[in-house]
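Heads up: the structure comes next, in structure tokens.
The values are calculated or read from the model by the stated rules, or taken from the named source; none is laboratory data. Predicted model, so just to flag it, every value in this text is computed and none were measured. Because the Cβ atoms are built from the backbone with ideal geometry, glycine has one as well, and the counts that use them run over all protein chains shown. In case anyone asks, the SASA skips ligands and DNA or RNA and just uses the protein heavy atoms, side chains included. Shrake-Rupley method; radii C 1.70, N 1.55, O 1.52, S 1.80 Å.
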Amino acid sequence: MAYSVKIDDHRRKWDPEEFERIAQKKIEEEFEKLEGKNSYPEPVKRELLKPRDYKVDLESKLNRSTVITKTTPASEQGGYYCNVCDCVVKDSINFLDHINGKKHQRNLGMSMKVERSTLDQVKRRFEMNKKKKEEKKKDYDFTERMKELREEEEKQKSYRKEKRKERKRKADDSLDDVDDPDMASLMGFSGFGTSKK
């Protein structure tokens, strides 16, 4: 660095021409580096938004207690952990908002644009939903199911009644087996009837 000092002045004086040359040299070097490359980076091509192919797990940590220390990793701390964005969200509503949000979708490599459906795709979707609805009706007829449940309850009630009657019969039979009055008085059965002797 060049500086000039006058004899009568003790302060440093910077040479502006010297520093102007250094700055110009740096600018030229950077410009040469950029000439080899494109000056603007290519825009990132992101996928269109797609439906999730997995179930969002909101109930796995429900009603469980965990000990959290300062060294506990973020994925095991309280709340819901997003491994794509490496963040913890405290409640399920905000977690769902985060998963469906712009930042999360960008980290997954998707844009927020949806593919435009064609007429054929919409017709196929309607047919598929119609078939699903028909299958549900076949699988689950509410009135028939209620009728079956009532019949099952009646069978259970009659079975319990029979068991009670059978136990009662057995108890009566064991009391009738004692025919000897002396044995009955020893066991204490003779005093149940009357106080007369």
Failed condition for D53, given (1) open to solvent by 60 Å² or more (accessible area, probe 1.4 Å); (2) in contact (Cβ under 8 Å) with a residue 40 or more places away in the chain: (2)
Output for the range 95-147, where each listed residue is polar (S, T, N, Q) and under 17 Å from L48 (Cβ atoms): N100, Q105, N107, S111, S117, T118, Q121
Pair list, Cβ < 9 Å and 6+ apart or interchain, from the range 100-121 residues that are at pLDDT 90 or above to residues that are in a helix (DSSP H, G or I) and of a type in the set (A, V, I, L, M, F, W, C): Q105/I99
Residue match in the range 132-139 (condition: modelled with pLDDT under 90, outside any helix (DSSP H, G or I) and open to solvent by 70 Å² or more (accessible area, probe 1.4 Å)): no
Qualifying strands (runs of 3 or more DSSP E) (wholly inside the range 12-101; at least 1 residues being under 30 Å from R116 (Cβ atoms)): 47-49, 80-82
Odd one out for S117, checked against (1) open to solvent by less than 100 Å² (accessible area, probe 1.4 Å); (2) out of contact with any Phe, Trp or Tyr (no Cβ under 9 Å at 6 or more places or on another chain); (3) part of a helix (DSSP H, G or I): (3)
